[in-house]
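Heads up, the thing below is written out as structure tokens.
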Amino acid sequence: MGHWVYEFSGCPDTGDYRQIAQDDEPGEVVLRERADVPSSVDGYVRDSIDDLILVARYRWVAGGHPSTVALQVLKAYEALPPPPDVMLSQ
């Protein structure tokens, strides 16, 4: 277990930023609660991950009510191409 750096980009309201987290491995999607807008979240999908330097890069998909953002993020995740190691095994 180590400290991962999460890089979030593309959100028009918050801009790009980084966050440090202690995780085994970052997930494929992240919903982040907005401090400035009650009951609102920003949704991100993971673009890339670097296991060597422990950096996960996420891009913004949508913002708003958690139920609608979750659906949009899951649709964006499902549209992503499979990782290279998955494509080789098929």
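Close amide H partners of residue 40, meaning residues 5 or more places away or on another chain with modelled amide H under 5 Å apart, are 34. Charges were assigned to the Cβ only: +1 to each Lys and Arg, -1 to each Asp and Glu. The resulting dipole of the chain about its Cα centre is roughly 260 debye. Close amide H pairs (under 5 Å, H built 1.01 Å from N) link residue 47 with 57, 58, 59, residues at least 5 positions away or on another chain.
Please determine, in degrees from 0 to 90 and to the nearest 10, the orientation of helix 66-79 with respect to the longest principal axis defined by the Cα atoms of the chain, where the helix direction is its Cα long axis. So the inclination is approximately 30 degrees.
Coordinate-derived values only; no laboratory data. Everything numeric in this text was worked out from a predicted model, so none of it was measured. We place every Cβ from the backbone using ideal geometry, glycine too, and count neighbours over all the protein chains shown.
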